[in-house]
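Step one of this worksheet: look at the structure below.
The values are calculated or read from the model by the stated rules, or taken from the named source; none is laboratory data. Values in this document were obtained by computation on a predicted structure and should not be read as measured data. Note that we place each Cβ from the backbone using ideal geometry, even for glycine, and neighbour counts take in every protein chain shown.
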Amino acid sequence: MLETPRLCLLLIAVVGLVQGMFLLLLLYQQGKRAFCANRWLFVFIIAVCLSFVEDLTDVLLEPSITLYLIPVFLTATFALMPAIFLYFREIAGHSPRWPLLHFAILLPVFVSLVVSVFLILQNFQDLIVNEGEIELELGNHFALGMIFLTVLFGLYLQVAIYMIRTWRVTYRYLRQAGEQLGADEKALRRWVRELLIGISIIFVIFAATTSLDIATTESDWSVVLVQIGFVLVFLRLCHLIAANPALFVQAEWDGQDQPQSTPRYLVDADEIERICRRLATVRDKGELIYDPLVSLPKLAAAVGVTPNQLSFVLNQHLGKSFFDFINEVRTDEASRLLVNEPDRTILDIATSVGFNSKSTFNLAFKKITGKTPSVYRSETLSRRNPIL
């Protein structure tokens, strides 16, 4: 018969696992477009779920069996902070080149914990089992005590470093979000702030529970209360992410079909190059550019970005406005038609490339080439066919 505190821990672990599975399913349903950022949330949630599995094994399995699982469960906690940091790096458009390096610490931690389990089995053959828990006097074994203290200190240090880095990258993201995404800055700031505060609380709770696990082997009500707080915070995080589905989504674009939805993430240098290539493809096709009703949202949808992102790339990296870009492409095509089809009227050519009137065409053409269409045609044709 389970005691009341242990029964509470069992129920809390089950509730936490259900929440984690729900959130994983929710993220999975967002599809491939969201995977680049959400893959790190997957890692974070799986690591959190492993902590709930650990609580289940502590209650349901024999202590001699759970001893072998210590390296797995404790190592998983070292994946939490890098995962959430990489998530915010991804949505901020600053993906690291070697993201897996952030998880390099997992291997030495796992090896250290395997060694500690081996030392326990070697030096504590007569394990003292008290009320379902193994009691060890770590102070009597220097190497074993140092391993656990080093792992615990490493966890605290990692949390502190990554929390600072996460808050910094998030602050930069919020500064750029309004410019590139045209986002509701107040709502976005509130969402990110609540998410970060919730994650910070989770790590404080993790630190507290880890300290309690090492400092004492008793499953008392203090541990139960800490776990209840953990589950409540995790529930709030589930609600936050569920209330903002696909908030940060990367685009799929095959160069032919228009994306089904608009991506919402910041663009980095590599993405700017990809946007420029997509823009060149749309320009070369010409159909949309020569449409008299073309607009910034239509062009952005064809490229696979938001209007704010396209405007950002045009202004900051190509040095021109949307209308300047459209008029330049139309003028280039009109210049070709004026020379290659000399029998066509200027008005016919103007309307074929998207201008609504001859006067508008003349103004745009002269602004770009410095000549009117008629002068450009006559001078170019005369150079091609000089009078002998």
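Below, the figures for the structure above:
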item: Pairs with Cβ under 6 Å, 6+ apart, first in the stretch 66-93 and of a type outside the set (Lys, Arg), second not in a helix (DSSP H, G or I); result: 78/105; 91/248; 91/265; 92/266; 93/266; 93/267; 93/268
item: Search result, residues across the stretch 325-336 that are surrounded by fewer than 19 Cβ atoms within 10 Å (Cβ to Cβ) and over 12 Å from residue 289 (Cα atoms); result: 336
item: Search result, residues across the stretch 11-26 that are without any contact (Cβ under 8 Å) to a residue 60 or more places away in the chain and either surrounded by fewer than 16 Cβ atoms within 10 Å (Cβ to Cβ) or over 13 Å from residue 50 (Cβ atoms) (or both); result: 11, 14, 18, 21, 25
item: Those residues of the stretch 295-341 which are outside any helix (DSSP H, G or I) and in contact with a Lys or Arg (Cβ under 9 Å, 6 or more places away or on another chain), in sequence order; result: 304, 305, 306
item: Top-ranked residue of the stretch 269-313 - restricted to ones that are among the polar types (S, T, N, Q) and either modelled with pLDDT of 85 or more or surrounded by 17 or more Cβ atoms within 10 Å (Cβ to Cβ) (or both), ranked as farthest from the chain's Cα centre (by Cα); result: 281
item: Pairs with Cβ under 7 Å, 6+ apart, first in the stretch 52-65 and of a type in the set (Phe, Trp, Tyr), second in a helix (DSSP H, G or I) and at pLDDT below 80; result: none
item: Top-ranked residue of the stretch 58-77 - restricted to ones that are crowded, with 16+ Cβ neighbours inside 10 Å and modelled with pLDDT of 85 or more, ranked as farthest from residue 203 (Cα to Cα); result: 69
item: Per-region count, the stretch 271-315, residues touching a residue at least 40 places away in the same chain (Cβ under 8 Å) and of a type in the set (D, E, K, R); result: 3
item: So residue 27, is it under 30 Å from residue 95 (Cβ atoms) and either modelled with pLDDT of 85 or more or out of contact with any strand residue (DSSP E or B) (no Cβ under 7 Å at 6 or more places or on another chain) (or both); result: yes
